[in-house]
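Presented below is the structure to which this report refers.
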Amino acid sequence: MDRKQHWEKIHATKPGETVSWYRPHLERSLSIIEQVAPDRSASIIDVGAGQSSLAGDLFERGYRNVTVLDVSSSAIAKARERLGKTAAKIRWIDSDIMNAALERNSYEVWHDRAVFHFLIEKRDCDAYVRKMLCCLKSGGHAVISTFALDGPSQCSGLNVARYDAKLLDEMLGPELKRVESFYDLHRTPSGAPQNFLCAVYQV
């Protein structure tokens with residue numbers, strides 16, 4: 001089963017509020033985005049958004065240049081349905097980030113909650129970083145959340161990579177300068193703890 005088939009099955013068969021990474025609102029991400037990109041005209045992409053509420057919450061806060069990308073058509077369809085008429089004011093891209101045709105120098109903020117840690121081969125990590133650097137504007141920010149070193153070793157039946165700030169710095173490379181990092185303890189819908197590392201970088 002390839003990546004798209006895997007995530008189509010997950011999102012087609014599971015309600016969004018039952019998956020392990022579900023949060024009603026990504027308060028930390030919203031706060032960071034408002035700090036690094038206070039101008040509401042800032043161009044923001046949420047990579048691997050799934051059925052996340054982030055795009056709608058950004059729109060409610062006045063952001064009008066928001067893009068959502070996910071490999072799962074089912075996830076995008078459910079997110080659009082939930083947003084109703086607001087969905088038409090958000091750009092939706094149905095694609096694997098590794099193959100997505102994204103414009104160069106087009107985003108002030110690249111947001112990724114729990115996509116990068118699924119890339120366990122260095123060549124895939126390097127390709128992802130090249131894509132991110134190509135798309136970010138000079139001075140733009142990347143907000144990356146991965147499982148911490150004491151986080152789960154698997155998610156949704158897939159192996160994941162785990163990071164502390166130093167390891168993530170090394171994997172992302174010297175062109176991205178870390179602005180801050182912190183740990184974020186997430187509780188799954190069943191109550192299980194999952195420790196995330198959240199790091200903010202600037203080009």
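Rule-based calculations on the coordinates, nothing more; no lab input. Given the structure is predicted, the values throughout are model-derived calculations rather than measurements. Because the Cβ atoms are built from the backbone with ideal geometry, glycine has one as well, and the counts that use them run over all protein chains shown.
Kirkwood analysis of the Cα pair distances in the range 1-97 returns a hydrodynamic radius of 13.7 Å.
The trypsin sites (Lys or Arg not before Pro) of the range 45-95 meeting both criteria, a DSSP state outside H, G, I, E and B (loop) and at most 13 other C-beta atoms within 10 angstrom of the site's C-beta, are ARG61, ARG64. Annotation: the antiparallel percentage among DSSP beta bridges lying fully within the range 3-202 is about 50. For every helix of n ≥ 4 consecutive DSSP H residues, a contribution of -39,500 (n - 2.57) applies; sum these over the chain, divide by its total residues, and give [θ] at 222 nm rounded to the nearest 500 deg cm²/dmol. That calculation yields -9000 deg cm²/dmol at 222 nm.
Its Cα gyration tensor gives the range 69-127 an equivalent ellipsoid, and the semi-axes of that ellipsoid, as √(5λ) in whole Å with the largest first, are 24, 15, 10. Taking other residues whose beta carbon is less than 10 angstrom from the beta carbon of GLY16, and scoring Lys, Arg as +1 and Asp, Glu as -1, yields +2. Electrostatic tally near PRO193: other residues with Cβ closer than 15 Å to its Cβ, Lys and Arg +1, Asp and Glu -1, net +1. Only one residue of ILE120, ASN105, SER95 has its Cα farthest out toward the positive end of the dipole of the range 3-202, where Lys and Arg carry +1 and Asp and Glu -1 on Cβ, and that residue is SER95. Residues in the range 102-108 carry Karplus couplings, in order, of 10, 6, 5, 6, 10, 10, 7 Hz; the curve used is 6.51 cos²θ - 1.76 cosθ + 1.60 with θ = phi - 60°, and Gly or Pro positions show x.
For LYS9, the lysines whose Cα comes closer than 21 Å to its Cα, not counting residues fewer than 8 places off in the same chain, are LYS78.
Counting every other Cβ atom within 10 Å of each residue's Cβ, GLU108, GLU81, GLU34 order from fewest to most as GLU81, GLU34, GLU108. Length gained on full extension, ASP2 to SER31: 7.0 nm, using 0.36 nm per residue less the C-alpha separation. Give, as a single signed number, the net charge of other residues whose beta carbon lies under 14 Å from the beta carbon of ILE32, with Lys and Arg counted +1 and Asp and Glu -1. Taking every Cβ under 14 Å from that of ILE32, the sum is -4. Computed over all pairs of different Cα atoms, the Kirkwood value for the hydrodynamic radius of the chain is 17.0 Å. Restricting the range 100-160 to trypsin sites (Lys or Arg not before Pro) that sit in a DSSP loop and have at most 12 other Cβ atoms within 10 Å of their own Cβ leaves ARG104.
Taking the fewest neighbouring Cβ atoms within 10 Å as the starting point, the ordered list for TYR63, TYR183 is TYR183, TYR63. Label-to-label distance for SER73 and THR18 is 2.3 nm, based on points extended 7 Å past Cα in the beta-carbon direction.
Rounded to whole numbers, the Karplus 3J(HN,Hα) couplings from phi for the range 157-171 are x, 10, 5, 10, 8, 10, 9, 10, 4, 5, 5, 5, 3, 5, 6 Hz, using 6.51 cos²θ - 1.76 cosθ + 1.60 with θ = phi - 60°, and x at Gly and Pro.
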